[in-house]
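Trainee: Starting off with a structure, shown below.
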């Protein structure tokens, strides 16, 4: 029973988290281009829709007014929707703003037909200094029917009946939204499925229910045990061990395939947003940069990155402040937000935006992970605007 249920749980988790990760890549780009237009938004969204995902549509609402949507065709009516004045969506939109993190709602019936999971993501942009300001939110709809299909729930050869509860990510306390409610009362096998910001509870029983127990079961079982002591048990144990080994290999291979697919999606999202990733093991001092980070700092891809690479690249006027901001995050566990200049070969200057946070790794070591991206164009654009204002608006 559990052997059939675990792959379904793994696929549901991987598919939902994979779709959400694609959306996070788009949001990272919005944070660096808060004034993007519909054309630019469509170009970015199209890249993630080209992936094998279950995303149905995405809408961005700066200042809680829907201004960008993909695909545009068929969703024109949603443009101009003001969440604060919409009684059906106001509470959910304000909850995302209040919590400052993604909220997953549903499954629920969609106006366009079918059912969907709606992920609402808060978006913040740089305020020009160390602080951020709330930009608005992005909503993404995951097609539930495709999610069920891709996760194996609708397979015609499935030998178990499944029910799922936990609408809106409420776990055991959430309403049943998939399967027959009688499964919950039939002594099912149950596993938890963990989602961003919540969980579902999956219950399963054999198709047709559990087999009835005959009145003379004790006698039958005694005879089987006696016979098995001499003949069956050694063969049975060997067969079980071999079968369990094969099933474990299948599950491990499946999880490996899901991890590779999720990594591929994350790479596409990061490539689209031009973001570099770094990680520092605080105890050992081991520092890791991906290829995008090395490109931002003008290093070769095979270079061995060390803390001094970052420090030596800092502009002298920003060195003390940038190191102090990083030290505060390192020693006090604070969120790391910084913006500084770096020097590149040829006397070029690049403006970098950095964000990071601490976490406890799988081995129990405290680490800090973060991202860097190039904001030179934004800084230069703002500087030109300020110059124009100082000169009375002349070109």
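Trainee: It is to be established whether one or more residues within the stretch 159-172 are free of Cβ contacts under 8 Å to residues at least 60 places away in the same chain and at positive phi.
Mentor: Applying the first criterion (free of Cβ contacts under 8 Å to residues at least 60 places away in the same chain) to the stretch 159-172 yields 161, 163-166, 170-172.
If we keep only those that are at positive phi too, we end up with 166, 171.
Within the stretch 159-172, one or more residues are free of Cβ contacts under 8 Å to residues at least 60 places away in the same chain and at positive phi.
Quick grid of which residues meet (1) under 24 Å from residue 115 (Cβ atoms); (2) surrounded by fewer than 16 Cβ atoms within 10 Å (Cβ to Cβ); (3) under 21 Å from the mean Cα position of the chain (by Cα); (4) at pLDDT below 90:
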position	(1), (2), (3), (4)
31	no, no, yes, yes
39	no, yes, no, no
50	yes, yes, yes, yes
55	yes, no, yes, no
63	no, yes, no, no
66	yes, no, no, no
73	yes, yes, no, yes
82	no, yes, no, no
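Residues checked against (1) at pLDDT below 75; (2) in contact with a strand residue (DSSP E or B) (Cβ under 8 Å, 6 or more places away or on another chain); (3) exposed (fewer than 11 other Cβ atoms within 10 Å of the Cβ); (4) more than 23 Å from residue 363 (Cα to Cα):
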| residue | (1), (2), (3), (4) |
| --- | --- |
| 229 | yes, no, yes, yes |
| 254 | yes, no, no, yes |
| 261 | yes, no, no, yes |
| 265 | yes, no, no, yes |
| 270 | yes, yes, no, yes |
| 273 | yes, yes, no, yes |
| 278 | no, yes, no, no |
| 287 | no, yes, no, no |
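Trainee: Looking at residue 162, is it buried (at least 17 other Cβ atoms within 10 Å of the Cβ) and under 30 Å from residue 63 (Cα atoms)? Walk me through how you get there before you give the answer.
Mentor: Details: buried (at least 17 other Cβ atoms within 10 Å of the Cβ): yes; under 30 Å from residue 63 (Cα atoms): no.
No: the conditions fail for residue 162.
Trainee: As an exercise: evaluate residue 22 against (1) surrounded by fewer than 19 Cβ atoms within 10 Å (Cβ to Cβ); (2) in contact with a helix residue (DSSP H, G or I) (Cβ under 9 Å, 6 or more places away or on another chain) and give the number of the one condition it does not meet.
Mentor: (1)
Trainee: Still on this model: Select the helices (runs of 4 or more DSSP H) contained entirely in the stretch 1-116, then report the ones holding at least 2 residues which are in contact with a strand residue (DSSP E or B) (Cβ under 7 Å, 6 or more places away or on another chain), in contact (Cβ under 8 Å) with a residue 12 or more places away in the chain and over 30 Å from residue 174 (Cα atoms). Explain how you work it out, then say what you get.
Mentor: Numbers: elements: 2-32, 38-49, 90-99.
Qualifying helices (runs of 4 or more DSSP H): 2-32, 38-49.
Trainee: Out of all the residues in the stretch 295-340, which are at positive phi and surrounded by 16 or more Cβ atoms within 10 Å (Cβ to Cβ)? If you could, list the steps in order and put the result at the bottom.
Mentor: Taking the stretch 295-340 and keeping what is at positive phi, we get 298, 333.
The answer is 298, and nothing else.
Trainee: Right, something else. Given the conditions (1) buried (at least 19 other Cβ atoms within 10 Å of the Cβ); (2) over 16 Å from residue 6 (Cα atoms); (3) within 22 Å of the chain's Cα centre (by Cα), which single one is not true for residue 183?
Mentor: Of the numbered conditions (1) buried (at least 19 other Cβ atoms within 10 Å of the Cβ); (2) over 16 Å from residue 6 (Cα atoms); (3) within 22 Å of the chain's Cα centre (by Cα), the odd one out for residue 183 is (3).
The values are calculated or read from the model by the stated rules, or taken from the named source; none is laboratory data. Owing to the predicted nature of the structure, the values given are computational and were not obtained by experimental measurement. Every residue, glycine as well, gets a Cβ built from its backbone with ideal geometry; the counts of neighbours run over all protein chains shown.
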